[in-house]
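See structure below.
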Amino acid sequence: MSPKRKTLFVIFAGPQQHGGPGTCYIAQDGTITGIRSRAAKFYSFAEAERFAKARNITLSAITYIGQEGFTDFEIQMGS
């Protein structure tokens, strides 16, 4: 049985690739990371938007809020 996945919001920092090679995310500290588990994860679009605003992250066609599926283990690894 495969692990259950939860869809959370993340901020992508590059062209849309959704977990593929070269995908970059914004981490909880506001830096760019290529490590999925380090991506800042949010339960709502509004929460991700507030995070971006608080960290002066300009959202655009390149840096944008999207959804990504994570297992419980992946969510815990990023905490």
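For the range 28-79, give me each residue that is under 14 Å from LYS6 (Cα atoms), acidic (Asp, Glu) and either under 10 Å from the mean Cα position of the chain (by Cα) or loosely packed, with under 12 Cβ neighbours inside 10 Å (or both). Matches in the range 28-79: GLU68, ASP72.
Okay, residues lined up against (1) modelled with pLDDT of 95 or more; (2) in contact with a helix residue (DSSP H, G or I) (Cβ under 7 Å, 6 or more places away or on another chain):
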| residue | (1), (2) |
| --- | --- |
| SER2 | no, no |
| ILE26 | yes, no |
| PHE45 | yes, no |
| ALA54 | yes, no |
| LEU59 | yes, yes |
| SER79 | no, no |
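When the residues of the range 26-62 are filtered to those that are of a type in the set (Ser, Thr, Tyr) and free of Cβ contacts under 8 Å to residues at least 40 places away in the same chain, the one that is nearest to GLN76 (Cα to Cα) is TYR43.
The values are calculated or read from the model by the stated rules, or taken from the named source; none is laboratory data. Not measured: the values here are computed from a predicted model. Neighbour counts are summed over all protein chains in view; Cβ atoms, including those assigned to glycine, are modelled from backbone coordinates with ideal geometry.
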